[in-house]
Amino acid sequence: MWDYTEKVKEHFFNPRNAGPLEQANAVGDVGSIQCGDALRLMLDVDPETEIIRDARFQTFGCGSAIASSSALTEIVKGKTLDEALKVSNQDIAAFLDGLPPEKMHCSVMGREALQAAIANYRGEAWKDDHEEGELICKCYAIDSALIERVVRENGLTTLEQVTHFTKAGGACASCHEKIEDVLISIVAARCEAGAIEAAPVATAVVTPAAVEKPRMTNLQRMRKIEEVIESVRPMLQNDHGDIEVVDIVGKNIYVNLKGACMGCALEAATLGAIQQKLFEELGEYVRLLPASQLEMAR
Amino acid sequence: MKPIYLDNNATTPCDPAVVAAMLPFFTEQFGNASSIHSFGNQVGVAIKKARAQIQALLGAEHDSEIIFTSGGTESDNTAILSALKAQPDRNQIITTVVEHPAVLAFCDRLEKEGYVVHKLRVDGRGRLDMDEYRALLTDRVAIVSVMWANNETGTIFPVEEMAEYAHARGIQFHTDAVQAVGKLPIDLKRTKIDMLSLSGHKLHAPKGIGVLYLRRGTRFRALLHGGQQERSRRPGTENAPGIIALGKAAELAMQHMETENTDVRFLRDKLEKGILARVRRAFPNGDLHCRLPNTSNIAFEFVEGEGILLLLNKLGIAASSGSACTSGSLEPSHVMRAMGIPYTAAHGSIRFSLSRYNTLDEIERVIEAVPPIIAQLRKISPYWSESGPVEDPNKLFQPAYA
């Protein structure tokens with residue numbers, strides 16, 4: 001059985017705000033019966049202030065789908081529509097003290113129901129860009145649809161790249177075979193289409209073209225390092241994390257990982273990916289190290 | 001209140017007599033059966049007895065046809081791979097769409113490696129089409145692998161008849177009988193079945209022990225290579241406690257075979273009728289006229305299985321579901337989908353699987369417990385209104401995103 005938190009169980013056994021809402025003026029229907037989840041979110045919005053006066057739900061779905069729906073109604077009540085739109089699926093999961101990776105899609109469904117209901121109130125068409133596939137990486141809840149999209153859009157060819165781009169496979173490593181299967185199917189299709197030359201997936205290597213670049217001055221080099229770090233920050237911030245440069249000592253660049261990045265099991269993979277990028281941009285070998293090691297170095 | 005266990009197709013508790021039989025083989029009789037000294041010799045004698053007990057349960061002609069393995073999955077994989085390796089001129093497999101993953105997932109892997117896999121379809125009651133089957137029997141087929149009884153619905157396949165057809169065309173026949181052994185009388189020497197898988201923990205023996213029955217004279221290639229155990233067909237030091245436990249469990253299964261088909265069947269029927277009489281928009285799945293005596297699979301429309309299981313569990317009642325959510329995949333059970341059960345019902349299908357340890361009192365408690373749970377979940381289902389299912393659900397509730 002799932003390792004549900006007490007909060008999830010609480011909201012499943014005693015769901016808040018379940019059942020139809022007669023005076024609803026914003027309704028969002030999302031989900032898919034094929035996937036075994038369907039959610040109707042009903043809001044009573046004050047037309048003057050756009051404050052959500054009441055929220056109720058009806059859900060066909062598993063324990064965590066019902067708990068996520070219940071949590072969602074509790075979160076949005078009393079918020080304005082604009083405030084409610086800022087609610088992320090992580091907020092819903094956090095409200096429940098977390099969800100198992102296989103069940104994160106329940107919180108995604110909650111956020112989508114909210115967007116759909118608000119679009120319904122405002123008379124806008126809501127279209128979801130959400131796709132789901134087989135869950136590949138259980139550590140980070142990454143499914144095949146996401147991996148396929150990222151592989152296609154970025155022309156990835158190796159397992160390491162997939163991990164750097166999506167985090168999939170970055171922790172326990174037991175899904176590597178499945179990731180390779182996804183890579184093989186997409187890369188093979190691209191080979192057939194003549195988009196890339198056929199090459200064994202495992203041996204495709206990204207060669208840094210930057211190796212030929214002329215040497216930089218110290219100032220140029222430091223600016224370049226900062227530039228690269230700045231460019232990856234939005235990606236980390238998306239995951240509620242962040243990074244800052246603390247010091248540069250020769251080949252060693254010391255950084256602080258912040259927010260959700262702290263203590264994240266994927267810390268090494270994150271640093272590895274950024275290090276690779278620095279390496280390519282600077283045209284020289286550098287090491288990216290956590291600032292905690294700076295003390296030791298001194 | 002004492003918990004009620006109705007998930008015996010998933011696994012069963014060990015019979016106390018089984019545990020008593022195996023315990024000495026952890027301590028005082030710890031020897032290696034291959035050893036010449038007295039420590040090992042006694043173990044060898046006990047294993048021989050266990051082999052005979054299983055031979056009797058399966059109706060095998062020779063005791064050397066019993067090969068001990070680690071369980072159902074190993075037996076299934078060994079059987080299929082052996083047929084392919086031993087007959088390199090044959091590259092096709094016939095199986096069904098409703099097999100256990102121990103067969104289906106392995107066939108999918110073999111398909112990737114270039115083998116040709118034919119999966120027989122089933123009708124709405126989970127039955128096979130014999131004409132479709134017979135048309136596929138060619139001299140390119142290495143093996144037919146068809147389960148004796150389905151784990152989710154209990155539906156029984158006519159494997160004895162199917163084995164005759166395969167044999168007539170010189171094709172090896174394997175059956176995954178992990179759900180059937182102990183519940184249905186089996187007499188392999190009167191059939192043309194070449195290989196059969198059984199799993200100890202489905203019949204009150206421990207986990208981690210199973211059998212591959214291999215008819216004498218069937219061309220065979222071992223999966224593992226090593227010592228001479230099991231006549232080199234399954235090397236590795238014998239799991240003596242497990243083997244002795246399985247022997248005892250087989251003996252008990254013989255004694256209780258009639259109970260399964262009288263008492264257990266009576267309780268199952270009472271449970272099913274009791275629930276269906278109290279809950280509307282619910283129906284039983286599978287071939288009701290030809291199924292295991294212990295299994296009832298009921299689809300509750302417009303509610304999702306995991307919710308039902310969580311609420312049952314709160315009352316101390318254990319069952320299982322074919323819903324997507326309980327497995328961690330996004331699809332409902334492949335068996336329900338193969339039978340064409342609508343998604344609104346497939347996600348709410350619950351399997352109750354009984355054993356000889358269940359009592360009338362327990363069944364009556366479950367009959368009382370189920371209706372309020374379904375009502376509670378339907379109350380918050382968008383597919384259900386006060387009075388019943390919303391009229392034309394597809395019109396009134398059309399969630400965005402496929």
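Name the residue that is surrounded by the most Cβ atoms within 10 Å (Cβ to Cβ), counting only residues in the range B:253-271 that are charged (D, E, K, R) and free of Cβ contacts under 8 Å to residues at least 60 places away in the same chain.
Quick first cut of the range B:253-271, residues charged (D, E, K, R) only: B:258, B:260, B:263, B:265, B:268-270.
Checking which are free of Cβ contacts under 8 Å to residues at least 60 places away in the same chain leaves us with B:258, B:265, B:269.
Numbers: B:Glu258: 11, B:Arg265: 16, B:Asp269: 13.
Across the range B:253-271, the extreme among qualifying residues is B:Arg265.
Name the single residue, out of those in the range B:66-90 being surrounded by fewer than 16 Cβ atoms within 10 Å (Cβ to Cβ) and free of Cβ contacts under 8 Å to residues at least 60 places away in the same chain, that is nearest to B:Gln53 (Cα to Cα). Don't jump to the end; show me each part of the working.
Step one: filter the range B:66-90 for residues surrounded by fewer than 16 Cβ atoms within 10 Å (Cβ to Cβ), giving B:85-86, B:88-89.
So of that shortlist, the ones also free of Cβ contacts under 8 Å to residues at least 60 places away in the same chain come out as B:88-89.
Details: B:Pro88: 35, B:Asp89: 37 Å.
If we take residues in the range B:66-90 being surrounded by fewer than 16 Cβ atoms within 10 Å (Cβ to Cβ) and free of Cβ contacts under 8 Å to residues at least 60 places away in the same chain, then B:Pro88 is nearest to B:Gln53 (Cα to Cα).
Quick check, is B:Thr218 hydroxyl-bearing (Ser, Thr, Tyr), in contact with a strand residue (DSSP E or B) (Cβ under 7 Å, 6 or more places away or on another chain) and in the same structural domain as B:Phe352 (by TED's automatic domain parsing)? Steps first, answer last, please.
On the way: hydroxyl-bearing (Ser, Thr, Tyr): yes; in contact with a strand residue (DSSP E or B) (Cβ under 7 Å, 6 or more places away or on another chain): yes; in the same structural domain as B:Phe352 (by TED's automatic domain parsing): no.
No, not satisfied.
Mind listing whichever residues of the range A:86-108 are within 12 Å of chain B (Cβ to nearest Cβ) and assigned to a helix (DSSP H, G or I)?
Scanning the range A:86-108 gives A:Pro101, A:Glu102, A:Lys103, A:Met104, A:His105, A:Cys106, A:Val108.
When you check A:Asp54 against the structure, is it more than 14 Å from every other protein chain (Cβ to nearest Cβ), free of Cβ contacts under 8 Å to residues at least 60 places away in the same chain and assigned to a strand (DSSP E or B), yes or no? Explain how you work it out, then say what you get.
On the way: more than 14 Å from every other protein chain (Cβ to nearest Cβ): yes; free of Cβ contacts under 8 Å to residues at least 60 places away in the same chain: yes; assigned to a strand (DSSP E or B): yes.
Considered against the rule, which asks whether it is more than 14 Å from every other protein chain (Cβ to nearest Cβ), free of Cβ contacts under 8 Å to residues at least 60 places away in the same chain and assigned to a strand (DSSP E or B), A:Asp54 comes out as yes.
Taking only the range B:122-148 into account, find how many residues are surrounded by fewer than 15 Cβ atoms within 10 Å (Cβ to Cβ), among the basic types (Lys, Arg) and touching a residue at least 40 places away in the same chain (Cβ under 8 Å).
Number satisfying all stated conditions: 1.
Residue-wise test of (1) under 26 Å from A:Ile136 (Cα atoms); (2) modelled with pLDDT of 80 or more; (3) not aliphatic (A, V, I, L, M).
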| position | (1), (2), (3) |
| --- | --- |
| A:Ile186 | yes, yes, no |
| A:Gly194 | no, no, yes |
| A:Arg215 | no, no, yes |
| A:Val228 | no, yes, no |
| A:Gln237 | yes, yes, yes |
| A:Thr270 | yes, yes, yes |
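Rundown of residues vs (1) in contact with a Ser or Thr (Cβ under 9 Å, 6 or more places away or on another chain); (2) within 21 Å of A:Pro234 (Cα to Cα); (3) in the same structural domain as A:Cys264 (by TED's automatic domain parsing), yes/no style:
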site	(1), (2), (3)
A:Ile142	yes, yes, no
A:Ile147	yes, yes, no
A:Leu159	no, no, no
A:Thr163	no, yes, no
A:Ala171	no, no, no
A:Cys175	no, no, no
A:Glu180	no, no, no
A:Val187	yes, no, no
A:Ala193	no, no, no
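Take the conditions out of contact with any His (no Cβ under 6 Å at 6 or more places or on another chain), in contact (Cβ under 8 Å) with a residue 24 or more places away in the chain and within 20 Å of A:Glu102 (Cα to Cα) and apply them to A:Ala119. Does it pass?
Against the criterion (out of contact with any His (no Cβ under 6 Å at 6 or more places or on another chain), in contact (Cβ under 8 Å) with a residue 24 or more places away in the chain and within 20 Å of A:Glu102 (Cα to Cα)), A:Ala119 does not qualify.
Taking the stated definitions as given, is A:Glu10 part of a helix (DSSP H, G or I) and over 26 Å from the mean Cα position of the chain (by Cα)?
yes
Condition check ((1) within 30 Å of A:Ser144 (Cβ to Cβ); (2) within 13 Å of chain A (Cβ to nearest Cβ); (3) touching a strand residue (DSSP E or B) at 6+ places or on another chain (Cβ under 8 Å)) across all residues:
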| position | (1), (2), (3) |
| --- | --- |
| B:Thr262 | no, no, no |
| B:Leu271 | no, no, yes |
| B:Arg281 | no, no, yes |
| B:Glu306 | yes, yes, yes |
| B:Gly316 | no, no, yes |
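Considering only the range A:109-133, how many residues are within 14 Å of chain B (Cβ to nearest Cβ) and part of a helix (DSSP H, G or I)?
Going through the range A:109-133 one residue at a time, the tally reaches 12.
Would you please name the residue that is farthest from B:Phe157 (Cα to Cα), looking only at residues in the range B:297-314 that are out of contact with any Leu (no Cβ under 6 Å at 6 or more places or on another chain) and in contact (Cβ under 8 Å) with a residue 60 or more places away in the chain?
B:Leu311
Out of everything in the range A:134-153 that is touching a strand residue (DSSP E or B) at 6+ places or on another chain (Cβ under 8 Å) and charged (D, E, K, R), what residue ends up being nearest to the other protein chains (Cβ to nearest Cβ)?
The residue in question is A:Glu134.
What is the number of the single condition among (1) without any contact (Cβ under 8 Å) to a residue 24 or more places away in the chain; (2) under 21 Å from A:Val162 (Cα atoms) that A:Leu266 does not meet?
That leaves (1) as the condition not met.
Could you tell me whether any residue of the range A:30-37 is within 12 Å of chain B (Cβ to nearest Cβ), free of Cβ contacts under 8 Å to residues at least 40 places away in the same chain and surrounded by fewer than 20 Cβ atoms within 10 Å (Cβ to Cβ)?
Yes, the range A:30-37 contains a residue that is within 12 Å of chain B (Cβ to nearest Cβ), free of Cβ contacts under 8 Å to residues at least 40 places away in the same chain and surrounded by fewer than 20 Cβ atoms within 10 Å (Cβ to Cβ).
What do you reckon, is A:Ser70 within 14 Å of chain B (Cβ to nearest Cβ), out of contact with any strand residue (DSSP E or B) (no Cβ under 6 Å at 6 or more places or on another chain) and of a type in the set (Ser, Thr, Tyr)?
yes
From the set of residues in the range A:18-29 that are assigned to a loop (DSSP other than H, G, I, E, B) and facing chain B (nearest Cβ under 10 Å), which is farthest from A:Ala125 (Cα to Cα)?
Selected residue: A:Gly19.
Any residue at all in the range B:205-212 that is touching a residue at least 60 places away in the same chain (Cβ under 8 Å), over 30 Å from B:Gly124 (Cβ atoms) and β-branched (Val, Ile, Thr)?
The answer is yes; a qualifying residue exists.
Give me the pairs: first residue in the range A:60-88 and more than 28 Å from B:Glu304 (Cα to Cα), second residue aromatic (Phe, Trp, Tyr) and outside any loop (DSSP other than H, G, I, E, B), beta-carbon distance under 8 Å, and six or more apart or on different chains, which are they?
Once the first residue is more than 28 Å from B:Glu304 (Cα to Cα) and sits in the range A:60-88, its partners that are aromatic (Phe, Trp, Tyr) and outside any loop (DSSP other than H, G, I, E, B) give A:Leu81/A:Tyr121.
Sort out which residues of the range A:214-261 are assigned to a loop (DSSP other than H, G, I, E, B) and not hydrophobic (A, V, I, L, M, F, W, C), and write them in order of number.
A:Pro214, A:Arg215, A:Thr217, A:Asp239, A:His240, A:Gly250, A:Lys251 - these are the residues of the range A:214-261 that are assigned to a loop (DSSP other than H, G, I, E, B) and not hydrophobic (A, V, I, L, M, F, W, C).
With at pLDDT 95 or above, buried (at least 24 other Cβ atoms within 10 Å of the Cβ) and of a type outside the set (S, T, N, Q) as the only criterion, which of B:Ala250, B:Ala222, B:Ala168 stands out?
Numbers: B:Ala222 fails: buried (at least 24 other Cβ atoms within 10 Å of the Cβ); B:Ala168 fails: buried (at least 24 other Cβ atoms within 10 Å of the Cβ).
Of the residues listed, the single one that is at pLDDT 95 or above, buried (at least 24 other Cβ atoms within 10 Å of the Cβ) and of a type outside the set (S, T, N, Q) is B:Ala250.
The values are calculated or read from the model by the stated rules, or taken from the named source; none is laboratory data. Everything numeric here is computed off the predicted structure, so don't read it as measured data. As a convention, Cβ positions derive from the backbone with ideal geometry for all residues, glycine included, and neighbour counts pool all protein chains shown.
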